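Heads up: the structure comes next, in structure tokens.
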Amino acid sequence: MTARLRATSADGGTLLLDSRGRDLLEPSRLFRLELNGSRVEALTDAVAESEEETAVVSGTADGTAVRVRWTATRIAGEAVWEAGLVLTNEGEAPVRVTRMDPVAARLVAERWSTLYFRSAWGDEFRPERGLTDWELHLDSRSGRSSHGTSPWLGLERDGVGLIVSPAWSGNWHIDLAEGRLVTAGISTWQFATELAPGQSVTAPSVVLAVGDDIDGAAVALTRAVGAAWVPRSAASEELPVEWNHWWPYEDVEVNEQVIWDNAAIAADLGIGVSTVDAGWFGDADAASHWQEQRGDWHHTNTVRFPGGLAALGEGIRAAGTKPGIWMEAEAVGSATTLRAEHPEVLALASERFRPDPSYRRQTESLDPDDPSFLGYVCLGSEAGRQHVARSLDAVVREMGAEWLKLDFNIDPDSGCTRTDHGHGVEDGLFRHYEGLYRVLDEFREAHPQVILEACSSGGLRLDLGIARHVHCIFLSDPDYTEHHLQVLWGASLMLPPVAMLHWPWSQWRGDYPPSQLDFSALTRDEFDTILRAALLHRFGVSLRLPELSDEQRESLREHVRMFTETIAPFVRDGVLTRLTGQPLRVGRGERSPAFQLTLDDRRLLAAFRLEGGRTPDRLRFDGLHPDVQYRVTDLATGDSRPLSGAELSGDGVTVDDRGGRVSSWLLLAEPAT
């Protein structure tokens with residue numbers, strides 16, 4: 001893909017983006033600013049510098065003393081740019097900033113098709129398609145990036161595709177006005193920040209990616225994110241398979257013996273990490289509820305875990321796996337001692353800042369007698385940052401944890417409105433996420449042995465902002481196969497395989513109807529298919545390992561080995577593409593979906609037959625060299641045969657479903673030696 005970004009400057013800069021000599025954007029403003037209640041139309045003394053990898057425009061916002069520096073930086077040599085904006089008040093009076101969009105670009109005067117995704121708990125990546133001949137407004141007002149809508153917009157016309165994605169975990173917006181003008185950045189809803197003389201502010205960045213179509217732009221984006229965006233570490237690069245206790249046991253049936261028994265079986269199966277989820281902390285009470293206890297991380301529930309965290313971690317290691325732990329370090333439950341002992345860290349809101357009614361609020365354990373209580377620690381405050389940093393450090397060190405699942409079951413809305421935290425009334429959420437990123441970076445530096453996983457009621461804070469500060473992101477709480485493949489299809493347009501984690505269908509003890517499944521009644525093929533659906537990214541399971549049948553344990557052992565020995569290199573450095581349309585929940589969408597992992601000149605094709613689907617006659621690989629001879633191996637059976645790239649891409653590979661008994665296939669194509 002040949003693509004260029006150019007920025008020039010006369011009165012404030014113009015942005016052009018072209019692909020293969022075809023313009024995507026007309027000359028247009030680089031950014032959109034509102035200072036002291038007025039829109040900035042131009043820069044004075046503007047200077048532009050454009051090079052192969054970076055474009056910079058700087059100048060003073062017309063009519064103000066605010067210095068503006070706009071940048072577009074190419075990522076990993078791909079057709080992907082990060083647009084950034086830094087404002088500095090060089091005057092003697094405060095300046096009120098109410099809009100700071102790093103992207104304000106005008107599409108060429110042609111009709112484009114659009115793709116974006118609605119998102120809610122258990123309803124992530126619900127596709128919406130349209131055209132640019134009407135206005136489009138996408139945003140989040142929940143305080144979490146993907147509760148409401150995912151921060152991603154795909155645009156496509158003949159021969160070219162463009163992706164716009166705000167790299168921000170809080171409230172954001174993408175607007176398409178007049179069918180052509182795209183602006184994107186932090187949401188302007190109930191947002192303002194004040195720049196004191198000499199003070200600077202960095203706006204949340206926006207990422208642009210270009211390709212021959214949306215899929216091509218997504219390949220460029222995910223390749224760049226995998227190569228130069230997602231944090232890497234020796235521990236993370238090992239890609240250990242993880243077991244997590246949550247869905248089969250929750251905080252009701254879990255105790256240290258349950259964890260140790262599962263860890264021993266996990267070790268025997270080749271699983272490398274055993275993670276203790278919610279329920280380990282709080283009052284020494286078997287009936288205590290995790291939601292109300294969040295925040296009292298210095299208390300271990302010694303009824304469930306009488307030996308404490310240190311003994312729990314030692315027992316997991318003795319069983320043969322590394323210990324992991326869940327925390328919701330930002331959260332504060334209504335019944336915690338933290339509320340009374342450290343009120344200075346609490347995020348509070350005045351009455352006039354109430355939730356936006358456009359989404360279903362989902363915050364857990366609020367206080368009906370105190371409407372100002374938001375249920376989380378404000379990381380816009382120094383005290384809040386220190387509290388969360390100390391909590392993370394103490395828990396990880398005491399347990400000896402090497403995996404940290406960091407959850408966030410809170411809708412902060414527009415954020416904390418306190419004025420004693422070092423932020424203003426209208427930028428509490430903005431400063432919270434700045435603080436979160438800082439805490440995460442400092443944690444990774446202090447604990448390089450720990451794999452850091454982000455989670456937020458499953459996948460409700462899934463964005464390029466958080467992806468820059470953690471090793472991987474959990475895709476969704478529900479994990480039944482049909483739902484998982486829908487979410488994977490959407491998430492893979494933004495994130496590389498190494499940045500995604502999800503489990504195959506878990507044994508749910510709760511009453512969520514779509515996830516109810518009698519595991520004892522599953523055939524071997526049905527169990528295999530459930531596992532294979534989650535092999536195309538980081539792999540983990542949430543199962544009652546002692547209660548699996550011998551046949552199911554053997555299947556899990558084989559798939560763990562398959563992932564570790566064959567698939568892990570594809571996940572670590574490969575690219576995931578979609579070979580079919582998106583499968584959708586409730587029996588809709590593509591019922592025979594297929595995906596491909598590409599690593600250099602090797603290909604791994606995964607195909608599934610969902611309920612209502614049919615077995616494909618043939619499976620065809622994408623992107624193979626027609627004149628190269630390949631060896632194609634069925635990873636389930638071990639059968640292999642030579643075929644040319646032309647045959648694999650043309651006629652494809654014949655599929656044997658053994659009379660309807662097989663519903664998933666994993667095929668590896670690699671150049672014959």
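The values are calculated or read from the model by the stated rules, or taken from the named source; none is laboratory data. Nothing here was measured: the structure is a model prediction, and the numbers come from that model. Counting neighbours? That spans all protein chains shown, and the Cβs are built from the backbone with ideal geometry, glycine included.
Tally up the residues in the stretch 505-545 that are free of Cβ contacts under 8 Å to residues at least 24 places away in the same chain and hydrophobic (A, V, I, L, M, F, W, C), please. Break it down stepwise before answering.
Let us first name the residues in the stretch 505-545 that are free of Cβ contacts under 8 Å to residues at least 24 places away in the same chain, namely 511, 513, 516, 518, 521.
Adding the requirement that they be hydrophobic (A, V, I, L, M, F, W, C) leaves 521.
Of the residues in that region, 1 qualify.
State which residue is farthest from the chain's Cα centre (by Cα) when the search covers only the stretch 109-125 and only residues that are in a loop (DSSP other than H, G, I, E, B) and closer than 20 Å to ASP215 by Cα.
Taking the stretch 109-125 first, the residues in a loop (DSSP other than H, G, I, E, B) are 109-112, 120-125.
Next cut, closer than 20 Å to ASP215 by Cα only: 110-112, 124-125.
Working: GLU110: 32, ARG111: 30, TRP112: 26, GLU124: 11, PHE125: 12 Å.
Residue satisfying both the conditions and the ranking: GLU110.
If you check ARG591, ARG585, ARG620, which single one turns out to be within 21 Å of the chain's Cα centre (by Cα), farther than 18 Å from PRO496 by Cα and buried (at least 17 other Cβ atoms within 10 Å of the Cβ)? I'd like the intermediate steps shown before the answer.
Values: ARG591 fails: within 21 Å of the chain's Cα centre (by Cα); ARG620 fails: within 21 Å of the chain's Cα centre (by Cα).
Exactly one of ARG591, ARG585, ARG620 is within 21 Å of the chain's Cα centre (by Cα), farther than 18 Å from PRO496 by Cα and buried (at least 17 other Cβ atoms within 10 Å of the Cβ), namely ARG585.
From the residues in the stretch 256-300 that are out of contact with any Ser or Thr (no Cβ under 6 Å at 6 or more places or on another chain) and polar (S, T, N, Q), which one is nearest to PHE474 (Cα to Cα)?
Here the answer is THR275.
Could you please find all residues in the stretch 630-645 being surrounded by 14 or more Cβ atoms within 10 Å (Cβ to Cβ) and not in a loop (DSSP other than H, G, I, E, B)? Even if it seems obvious, please write down each step before you answer.
First, the residues of the stretch 630-645 that are surrounded by 14 or more Cβ atoms within 10 Å (Cβ to Cβ): 630-636, 640, 643-645.
Once the filter is applied, which keeps residues that are surrounded by 14 or more Cβ atoms within 10 Å (Cβ to Cβ) and not in a loop (DSSP other than H, G, I, E, B), the stretch 630-645 yields TYR630, ARG631, VAL632, THR633, ASP634, SER640, LEU643, SER644, GLY645.
Please report, ordered by residue number, the strands (runs of 3 or more DSSP E) entirely within the stretch 44-94 with at least 1 residues that are without any contact (Cβ under 8 Å) to a residue 24 or more places away in the chain and under 33 Å from the mean Cα position of the chain (by Cα).
In the stretch 44-94, the matching strands (runs of 3 or more DSSP E) lie at 54-61, 66-74.
I'm checking my understanding of the structure. Among residues of the stretch 585-600 that are touching a residue at least 12 places away in the same chain (Cβ under 8 Å) and not in a loop (DSSP other than H, G, I, E, B), which one is farthest from ARG126 (Cα to Cα)?
LEU599
Taking the stretch 467-487 on its own, how many of its residues are touching a strand residue (DSSP E or B) at 6+ places or on another chain (Cβ under 7 Å) and in a loop (DSSP other than H, G, I, E, B)?
Total satisfying the criteria: 5.
For the stretch 394-415, check the following and say yes or no: at least one residue is more than 14 Å from SER169 (Cα to Cα), touching a strand residue (DSSP E or B) at 6+ places or on another chain (Cβ under 9 Å) and β-branched (Val, Ile, Thr).
Within the stretch 394-415, one or more residues are more than 14 Å from SER169 (Cα to Cα), touching a strand residue (DSSP E or B) at 6+ places or on another chain (Cβ under 9 Å) and β-branched (Val, Ile, Thr).
Can you tell me which condition GLU128 does not meet? The list is (1) within 25 Å of PRO583 (Cα to Cα); (2) surrounded by 18 or more Cβ atoms within 10 Å (Cβ to Cβ); (3) over 18 Å from the mean Cα position of the chain (by Cα), and all the others hold.
(2)
If SER113 satisfies every condition in (1) surrounded by fewer than 18 Cβ atoms within 10 Å (Cβ to Cβ); (2) at pLDDT below 95 but one, which is the exception?
Of the numbered conditions (1) surrounded by fewer than 18 Cβ atoms within 10 Å (Cβ to Cβ); (2) at pLDDT below 95, the odd one out for SER113 is (2).
In the stretch 330-350, which residue that is surrounded by fewer than 23 Cβ atoms within 10 Å (Cβ to Cβ) and of a type in the set (D, E, K, R) is nearest to ASP420 (Cα to Cα)?
The qualifying residue nearest to ASP420 (Cα to Cα) is GLU344.
Please count how many residues of the stretch 529-557 are within 16 Å of LEU668 (Cα to Cα) and either assigned to a helix (DSSP H, G or I) or not assigned by TED's automatic domain parsing to the domain that holds TRP243 (or both).
Counting residues in the stretch 529-557 that are within 16 Å of LEU668 (Cα to Cα) and either assigned to a helix (DSSP H, G or I) or not assigned by TED's automatic domain parsing to the domain that holds TRP243 (or both) gives 1.
Identify, please: which residue in the stretch 568-582 is under 23 Å from ALA672 (Cβ atoms), under 21 Å from the mean Cα position of the chain (by Cα) and hydrophobic (A, V, I, L, M, F, W, C) and is, among those, surrounded by the most Cβ atoms within 10 Å (Cβ to Cβ)?
Once the filter is applied, the top-ranked residue is PHE570.
For (1) assigned to a loop (DSSP other than H, G, I, E, B); (2) of a type in the set (Phe, Trp, Tyr); (3) buried (at least 24 other Cβ atoms within 10 Å of the Cβ); (4) touching an Asp or Glu at 6+ places or on another chain (Cβ under 9 Å), each residue gets a yes or a no:
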position	(1), (2), (3), (4)
SER146	yes, no, yes, yes
GLU156	no, no, no, yes
LEU162	no, no, yes, yes
HIS173	no, no, no, yes
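Which one of the conditions (1) among the basic types (Lys, Arg); (2) closer than 29 Å to LEU475 by Cα; (3) part of a loop (DSSP other than H, G, I, E, B) does ARG418 fail to meet, given that it meets all the rest?
(2) is the only condition that ARG418 fails.
Which residue, of SER381, SER391, SER414, is buried (at least 24 other Cβ atoms within 10 Å of the Cβ) and touching a Phe, Trp or Tyr at 6+ places or on another chain (Cβ under 6 Å)?
On the way: SER381 fails: touching a Phe, Trp or Tyr at 6+ places or on another chain (Cβ under 6 Å); SER391 fails: buried (at least 24 other Cβ atoms within 10 Å of the Cβ).
Only one candidate qualifies: SER414.
If you scan the stretch 501-514, which residues turn out to be assigned to a helix (DSSP H, G or I) and either surrounded by 12 or more Cβ atoms within 10 Å (Cβ to Cβ) or in contact with a Ser or Thr (Cβ under 7 Å, 6 or more places away or on another chain) (or both)? Explain how you work it out, then say what you get.
Kept after step one, since they are assigned to a helix (DSSP H, G or I), are these residues of the stretch 501-514: 513-514.
Result: PRO514, single match.
When you scan the stretch 549-572, do you find a residue that is in contact with a strand residue (DSSP E or B) (Cβ under 7 Å, 6 or more places away or on another chain), in contact (Cβ under 8 Å) with a residue 12 or more places away in the chain, charged (D, E, K, R) and closer than 18 Å to THR222 by Cα, even just one?
For the stretch 549-572, residues in contact with a strand residue (DSSP E or B) (Cβ under 7 Å, 6 or more places away or on another chain), in contact (Cβ under 8 Å) with a residue 12 or more places away in the chain, charged (D, E, K, R) and closer than 18 Å to THR222 by Cα: absent.
I'm trying to understand the selection: among the residues of the stretch 515-528, which are touching a Phe, Trp or Tyr at 6+ places or on another chain (Cβ under 8 Å) and part of a loop (DSSP other than H, G, I, E, B)? Quick ask: steps written out before the conclusion?
Initially, the stretch 515-528 is screened for residues touching a Phe, Trp or Tyr at 6+ places or on another chain (Cβ under 8 Å), giving 515-517, 519, 527.
Hits for the stretch 515-528 are GLN516, LEU517.
This table checks each residue for (1) over 16 Å from TRP326 (Cα atoms); (2) modelled with pLDDT of 95 or more.
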position: GLU256; (1), (2): no, yes
position: THR275; (1), (2): no, yes
position: ALA278; (1), (2): no, yes
position: ALA284; (1), (2): yes, no
position: GLN291; (1), (2): no, no
position: TRP297; (1), (2): no, yes
position: THR302; (1), (2): yes, yes
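In the stretch 125-135, is there at least one residue being in contact with a Gly (Cβ under 6 Å, 6 or more places away or on another chain), closer than 23 Å to PHE430 by Cα and not hydrophobic (A, V, I, L, M, F, W, C)? Spell out how you get there, then give the answer.
Step one: list which residues in the stretch 125-135 are in contact with a Gly (Cβ under 6 Å, 6 or more places away or on another chain), which gives 125, 132-133.
Imposing the further condition that a residue be closer than 23 Å to PHE430 by Cα reduces the set to none.
Within the stretch 125-135, not a single residue is in contact with a Gly (Cβ under 6 Å, 6 or more places away or on another chain), closer than 23 Å to PHE430 by Cα and not hydrophobic (A, V, I, L, M, F, W, C).
Mind checking which residues of the stretch 196-211 are over 20 Å from PRO102 (Cα atoms) and surrounded by fewer than 18 Cβ atoms within 10 Å (Cβ to Cβ)?
ALA196, PRO197, GLY198
Considering every residue within the stretch 254-272, establish whether at least one is surrounded by fewer than 22 Cβ atoms within 10 Å (Cβ to Cβ), without any contact (Cβ under 8 Å) to a residue 12 or more places away in the chain and of a type in the set (S, T, N, Q).
yes
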